[in-house]
Amino acid sequence: MPSGPKSTEDRIARILNAWQELASGKSFGGMTRAQFEAITAPSLAARQRIDDLEDQLKQAKADRDRADAEANAKAQLVVAGVVGDPTEGPDSALYEAFGYTPKRERKSGLTRKRKKSGE
């Protein structure tokens with residue numbers, strides 16, 4: 001029989017259901033169905049708690065992503081404001097401190113192809 005968290009949960013549920021349907025009044029392994037259910041309850045509760053925590057984590061990540069999108073949009077407005085400010089601009093120390101390359105340090109992008117010798 002395969003092992004793992006999901007198969008263990010399925011196995012417990014299958015045993016409890018079959019025991020209830022087919023032999024509810026009998027004891028096996030020195031315990032009643034109710035005793036076995038009480039023993040397996042912490043295992044099932046832990047699984048439920050894990051599922052709840054995973055759902056909370058998914059929600060927290062979605063909340064973070066929405067907040068990040070808004071923060072990034074506002075950050076772009078701030079940077080644009082610094083670039084457009086007559087006392088700051090794209091060549092200012094503030095712009096550079098934001099992590100951008102000031103205009104004075106940018107390469108022009110102009111390239112000249114070298115002529116091969118002999119042509």
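Rounded to the nearest 20 debye, the dipole magnitude of the chain is 940 debye, with +1 charges on Lys and Arg beta carbons, -1 on Asp and Glu beta carbons, and the Cα centre as origin. Share of pairwise Cα-Cα distances greater than 23 Å in the chain is 67 percent (whole percent). Beyond 32 Å in Cα-Cα separation lie the following of the pairs 6/26; 6/61; 61/103: 61/103. Computed from backbone phi with θ = phi - 60° and the Karplus coefficients 6.51, -1.76 and 1.60, the 3J(HN,Hα) list for segment 74-90 is 5, 5, 5, 5, 5, 5, 4, x, 5, 4, x, 6, x, 8, 10, x, x Hz; x is used for glycine and proline. Rolled with a 1.4 Å probe across the full set of protein chains, the surface gives residue 57 an accessible area near 90 Å².
Per residue, the solvent-accessible area of segment 1-103 (1.4 Å probe, heavy atoms of protein chains only, all protein chains present) comes to 75 Å². A DSSP coil position with no more than 14 other Cβ atoms inside 10 Å describes the following trypsin sites (Lys or Arg not before Pro) in segment 1-95: 26. Amide H contacts of residue 91 (H built 1.01 Å from N, in plane; Pro and chain starts excluded): 103 sit under 5 Å, all sequence-distant by 5 or more or on other chains. Seen against the Cα atoms of the chain and their longest principal axis, helix 5-23 is set at about 20 degrees. Estimated from helical segments only, the mean residue ellipticity of the chain at 222 nm is -22500 deg cm²/dmol, where each DSSP H run of four or more residues counts as -39500 (n - 2.57).
The values are calculated or read from the model by the stated rules, or taken from the named source; none is laboratory data. None of the values given here were measured: they were computed from a predicted structure. Ideal geometry is used to build each Cβ from the backbone, glycine not excepted, and the neighbour counts take in all protein chains shown. The protein model used for the area step is the full one, side chains on, heavy atoms only, and it has no ligands, DNA or RNA in it. Shrake-Rupley method; radii C 1.70, N 1.55, O 1.52, S 1.80 Å.
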